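Novice: I am attaching a structure below and will ask some questions about it afterwards.
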Amino acid sequence: MSTQLSTPVNREAAEALSRSKGEPAWLTALRGQGAELSETLEWPKPEKVRIDRWDLTAIGGYKPQAAIASADELPEAVSNLSGESPAGFVVQRNSGIVFKQLSAELQSKGVIFTDLETAAREHGDLVQQYLFKAVAQDEDKLTALHSAIWNGGVFLYVPKNVEVELPLQALLFSDDAEATFAPHILVVADNNSRVTYVDNVSSAFEGAGAATLVKQSVVEVIVKPGAHVRFATIHHMAENIIDLSIRRAIVENDGRIEWIVGDLHDGNTLSDTRSLLRGNGSTSDAKVISIGSGKQQMSLTTGAVHVGRSSDSQMVTRAVMKDAATAIINGVTKIEKGATKANGEQTEKVLMLSPKSRGDANPILLIDEDDVTAGHAASVGQVNPEQVYYLMSRGISKREAERLIINGFLAPVVEEIPIEAVQEQLRSLLERKLEA
Amino acid sequence: MATQFVIDGLTASIEDKEILKGINLEIKGGEVHAIMGPNGTGKSTLASALMGHPKYEVTGGTATLNGEDLMEMATDERARAGLFLAMQYPSEITGVTNSDFLRSAINARRGEGNELSLIKFIRQMEGKMKELEMNPEFAHRYLNEGFSGGEKKRNEILQMMLLDPKIVVLDEIDSGLDIDALKIVAAGVNSMRSEERGFLIITHYQRLLNYIKPDFVHVMMQGRIVKSGGPELAERLENEGYDWVKEELGIVDETVGQA
Ligand SMILES: Nc1ncnc2c1ncn2[C@@H]1O[C@H](COP(=O)(O)OP(=O)(O)OP(=O)(O)O)[C@@H](O)[C@H]1O
Ligand SMILES: [Mg+2]
């Protein structure tokens, strides 16, 4: 769009907003620097998807949000996503946090679970130590811009040796296409701690025809030695939203990160999930499930960089493409010199349901060490007519047969998801998007 | 109404190659018909054409089940009308558990609003699996995935028993079965014999027919039924092979669709 500037913020505006929110000086400076960097850096260039043709600067403007007293006040479209009496719950609406809660028990154990803006004011040292460490602020225009404009967000800190049983949950949603929606999620799991975080990224627009809005989010997960983090995120926003999601974890010795990503969003999507296995014996497991429909374009990437010895990465992406949807699915396993006994496995599978849909799988192995094992498998195909015939020969209608086969394609991954509630929710969202 | 299945002048081709050259056959409820014949003579093609395999085009003739022409129906409608085919090579379907599949099939047959409750379904499925001496874990395995040849055949019979069809076509149900499994499968089939149900059994071996006694035996060559008789015909074929039939009928090449 010609009316859009190439960079929608500048240093002065970013710093002024930061000061008006009472943010610490270091954060104001960081935002200003991000705005400046964003003027010179380039947008990320994912394989075969021209995201520069998307309306990437439609980020809206900051709009303060009124807090709500309880989850009951949420719009109906998202109120069922509030979870069953969660141990902790944070809700972001558009540009700001409107609700947050953490059980007294977890508070007493020293767990911090709040919005990132508040955390930056109240736990400044901790936040400053880790913010933009897993994702470099100057990586590209997206990360720079995000560092300038991020709002609301989530900060989760789990102290040493604390094991959090129940999932901590967040709901991040947009219902105003003119308001900036840019959550930053920072998770720090200290030595030998354990935690599960689950979020829903959703929208609640009245009627159709809302203006284009870019939702950009950056997730950083710091997994300290021996810690174990499960990060589950399910995206299902309306078509007018462009979803730009960057997720990175740094995993120290014997730490473990598990990613569960449901890319069930209806608009264009850039979803990039990577783990840096820095420590010896560190492990990463990523499962990505996606359904594309309409004219959606998606770039879905999983990645693992092995630095630590005996580090292990598992990555699985399964995508079903309907209508005229396109998905480019990248898997990047990189094993650095010295990462002896490392093992990396990746699988990308695409099932295309219509002649106009398209799916590409690009497995990439970059290996600079001899003493390692690595493997990849990729496939792109259509529903097998022989299988449809077999099911129909038992009286099952064509439509139901295809439904069974498609669900069956996703099932081996969905069934492996270790959190029952997330599994259930994914199933119903999958069903919804497949039936639509 | 007593089941009546009439195949009349059925012709079918695959990739424009005519394989079935006019099949005529009548099966009444309570009857067991066996079809034998050398490899590549059109036996499986007949089974596939009856069921409506997408690769086979029926070019002429009818196959009516109690007055309704199955050839006018889609595959799923044929099944719901009462036709069942135990396939020579059943498909494997990842991610769909055997029990989810069976339940979908049973409920498709029963129709909307008349679905079997989960408890009743499980009871039925487990009962039949026990009869077939199937390990209960097969309920939770993905459909036919990694099943051995014999396990797949047993699973076909399980489906037959649960779906209660009117006309059952068994395509080489005995291939891949060990002797004990053959007896179990045959007992399963025999338990389903009734006045309401007819059987068409495709086999190469008399051995199966020792356990499932046929009323009629047909020989297929060149895409046609070239000879019919009683159980004694199967015994003679077992002992003497097909040469005498070919000689009698002046057939040199019994296969079909090679030219
Ligand atoms: N999908 C196909 N494509 C091409 N030719 C086929 C196909 N299916 C069957 N035919 C041909 O049709 C002929 C009959 O095959 P059919 O499978 O009906 O034989 P059959 O009598 O069942 O043999 P068998 O005893 O070996 O199972 C064969 O020549 C076979 O090669
Ligand atoms: Mg055959």
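The values are calculated or read from the model by the stated rules, or taken from the named source; none is laboratory data. The structure presented is a predicted model; accordingly, all values stated were derived computationally and were not measured. Virtual Cβ from ideal backbone geometry, glycine too; neighbours counted across all protein chains shown. Just so you know, the surface numbers come from the protein's heavy atoms only, side chains and all, with ligands and any DNA or RNA stripped out. Shrake-Rupley method; radii C 1.70, N 1.55, O 1.52, S 1.80 Å.
Novice: Please check: in the Gaussian network model of chain B (C-alpha springs, under 10 Å), which one of B:GLU126, B:GLU172, B:GLU247 has the largest mean-square fluctuation.
Specialist: Taking springs between Cα atoms under 10 Å, the residue moving most is B:GLU247.
Novice: Between region A:402-420 and region A:273-298, what's the alpha-carbon centroid distance in Å?
Specialist: Distance between centres, Cα-based: 17 Å.
Novice: For a quick size check, give me the Cα extents of region A:383-436 along its three principal axes, largest first, whole Å.
Specialist: Each principal axis gives a Cα extent; for region A:383-436 these are 36, 22, 17 Å.
Novice: Placing +1 at every Lys and Arg Cβ and -1 at every Asp and Glu Cβ, with all other atoms neutral, what dipole size does the protein assembly as shown have around its Cα centre, in debye to the nearest 20?
Specialist: It comes to approximately 540 debye.
Novice: Any idea of the total accessible area buried by the A-B contact, 1.4 Å probe, rounded to 100 Å²?
Specialist: 2000
Novice: If you find the alpha carbon centre of region A:224-239 and of region B:122-171, how far apart are they in angstrom?
Specialist: If we compute the Cα centre of each part, the gap is 40 Å.
Novice: On to the next question. Share of the protein assembly as shown's accessible area from carbon and sulfur, percent, 1.4 Å?
Specialist: C and S atoms contribute 46 percent here.
Novice: Where only protein heavy atoms count, and the probe is 1.4 Å, what is the accessible area per residue for chain B in Å²?
Specialist: For chain B, the solvent-accessible area averages 44 Å² per residue.
Novice: Based on the alpha carbons, how large is the Rg to Rh ratio for chain B when Rh follows Kirkwood?
Specialist: Value, to two decimals: 0.96.
Novice: Still on this structure, I have one more. What are the residues of region A:366-391 that lose 30 Å² or more of accessible area, with a 1.4 Å probe, going from their chain alone to all protein chains?
Specialist: Residues losing area: A:GLU386, A:GLN387, A:TYR389, A:TYR390, A:LEU391.
Novice: In square nanometres and to one decimal, what's the mean projected area of the convex hull around the Cα atoms of region B:2-71?
Specialist: Its average projected convex-hull area is 4.6 nm².
Novice: Helix by helix through chain A, keep the DSSP H runs that span 15 Å or more along the axis on Cα and average at least -1.0 on Kyte-Doolittle, and give those back in order.
Specialist: A:25-40, A:398-414, A:420-435
Novice: Also: May I ask for log10 I(q)/I(0) of region B:42-156 at q = 0.13, 0.14, 0.17, 0.18 Å⁻¹, from a Debye sum over the Cα atoms as equal point scatterers with solvent left out?
Specialist: Summing over Cα pairs of region B:42-156 leads to -0.61, -0.70, -0.98, -1.06.
Novice: How large is the convex hull of the C-alpha atoms of chain A per residue, in Å³?
Specialist: Once divided by residue count, the hull of chain A is 142 Å³.
Novice: What residues in region B:95-137 lose 10 Å² or more of accessible surface when the other protein chains are added to their chain alone (1.4 Å probe)?
Specialist: So the qualifying set is B:GLY95, B:VAL96, B:PHE101, B:SER104, B:ALA105, B:ALA108.
Novice: State in Å² the accessible area per residue of region A:11-278; use a 1.4 Å probe, count heavy atoms of protein chains only, and round to the nearest integer.
Specialist: On a per-residue basis, region A:11-278 sits at 36 Å².
Novice: Ok, one more. Tell me, what is the 1.4 Å probe accessible area of A:ASP175, in Å² to the nearest 10?
Specialist: Roll a 1.4 Å probe over it and A:ASP175 shows about 50 Å².
Novice: Continuing with the same structure: When only alpha-carbon atoms are used, what values of Rg and Dmax, in angstrom, describe region A:156-292?
Specialist: Calculated on Cα positions, Rg and Dmax stand at 15.8, 51 Å.
Novice: So, one more: Over region A:11-278, what is the relative contact order in percent, taking alpha-carbon pairs closer than 8 angstrom and at least six residues apart?
Specialist: Dividing the mean separation by the residue count of region A:11-278 yields 18 percent.
Novice: Viscosity 0.692 mPa s, temperature 37 °C: give me the Stokes-Einstein translational D for region A:183-241 in µm²/s, with Rh taken as the Kirkwood radius over C-alpha pairs.
Specialist: 243
Novice: List the trypsin sites (Lys or Arg not before Pro) within region B:1-102 that DSSP assigns to loop and that have no more than 15 neighbouring Cβ atoms inside 10 Å.
Specialist: Sites meeting the loop and neighbour criteria: B:LYS55.
Novice: Which log10 I(q)/I(0) values, to two decimals, does region A:276-330 give at q = 0.19, 0.24 Å⁻¹ under the Debye formula with one point per Cα?
Specialist: -0.66, -0.83
Novice: Here is a follow-up. Any idea what diffusion coefficient region A:290-372 gets from Stokes-Einstein, in µm²/s, Kirkwood Rh on alpha carbon pairs, 10 °C, 1.306 mPa s?
Specialist: Answer from the Stokes-Einstein relation: 118 µm²/s.
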